[in-house]
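First up is the structure itself, then whatever we jot down about it.
Computed from the coordinates by the stated procedures, all read-outs in this text should not be read as laboratory data. Bear in mind the structure is a predicted one, so any value in this text is a computation, not a measurement. Note that each Cβ is placed from the backbone with ideal geometry, even for glycine, and that neighbours are counted across all protein chains shown.
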């Protein structure tokens, strides 16, 4: 089976590039219902050719596609990618798909995530061509709202995760066989301070400065964060490269707290503010830490130090982290062995502070992330894909799926 998969994919490069061109030249920006529908109809046609049963789901902003392949085995596999991009309608006409002399493909959303959407199709083609059927079901979900997120997408991911035994998130890959094995979870809070407003000159004695209290609360919030590794200037991509350090996310602090918005209705320095607020984003790599910080943040509501002020804290955990469990380690070991044995490569495990659908699948099932084709500068007008990685990455993906059904 292995040789059949490798030989088949080696001969599919031109067809892969042609399909990638078609998909990239479909405008499918986040929030573009017509565009995401067109993109997912293209995917549905390709999946139906493989024998998949396809189902479209809609809201007023996007089209979502669920494709299902039936096998004869016991385990169900969830694959997740996305067809939406961050680019507006008309972008594909301005800079349509092209391949340069160095084997890089260019175009809106070519890397995030269209090259990988097509990778999955060809990986599944190769598996079926080789006679692979040792699975109960392969569920391929192409999200139409990954870039902005939505209750619709989150509900679909939760539903499908509970129908599968493990998940592989087919999102943008890291360079040199990089994959993502941990992602931070996300929590959001609003701190609202109510004080007693009044004239600074004549009423200070019976007023309570809400901004003063907010400043104290913000200081306490930041005390909950993990320490930074050092001078920020020493941890830029360039600074690390200059020191010969390969950045795989290893310097991202375990817990981070960011007060990103602050305000008050008061706009005069001669008035003691009677209200103030801030909005806070908290990210953690572990469920235990996320829950601990949630408790400690909410406890700050009872710790006002400025007499006459009241602190109210609302919000909480939004999305859990994608943790590296022992089962995830088994998945990593399989992928690493295949990459080493078949391509002489070494897999680098990345950690990431950003979220993908992998955070949501990981709530239910073991999840491995970022097995896509390698790309660069996503979300920019110079986003590109290294097509030289398409066949190796697709081959490793297909072989990994076949092996994973043996270990769960």
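Worth pointing out:
- Cα long-axis angle, helix 13-24 against the chain (0 to 90 degrees, to the nearest 10): 40 degrees
- Taking Cα atoms only, the orientation of helix 390-404 departs from the longest principal axis of the chain by about 90 degrees.
- For 84, 100, the sequence from fewest to most other C-beta atoms within 10 Å is 100, 84.
- Taking the square roots of five times each eigenvalue of the Cα gyration tensor of region 11-94, the equivalent ellipsoid has semi-axes of 25, 18, 10 Å, listed largest first.
- Rounded to whole Å, the principal axis extents of the Cα atoms in region 185-319 read 61, 32, 20, largest first.
- Region 50-154: equivalent-ellipsoid semi-axes (sqrt of 5 x gyration tensor eigenvalues, Cα, Å): 28, 20, 9
- Evaluated at q = 0.19, 0.20, 0.23 Å⁻¹: base-10 log I(q)/I(0), Debye formula over Cα of region 147-186: -0.80, -0.87, -1.04
- Each residue in 219, 325 was given a count of other beta-carbon atoms within 10 angstrom of its own, and listing them fewest first yields 219, 325.
- Here is how the number arises for the chain: DSSP H runs of 4 or more residues each give -39500 (n - 2.57), the sum is divided by the residue count, and the result at 222 nm is -10500 deg cm²/dmol.
- Look at 28, 72 and count the other Cβ atoms within 10 Å of each Cβ; fewest to most, that gives 72, 28.
- Principal-axis tilt of helix 326-343 within the chain, Cα atoms, nearest 10 degrees: 50 degrees
- Pair-distance profile P(r), taking every C-alpha pair of region 116-194, with 5 angstrom steps and integer %: 3, 9, 15, 20, 21, 13, 7, 4, 3, 2, 1, 1, 0, 0
- Per residue, the average separation of C-alpha pairs within less than 8 Å and at least 6 apart gives the chain a relative contact order of 24 percent.
- The convex hull around the C-alpha trace of the chain, projected and averaged over every direction, spans 22.5 square nanometres.
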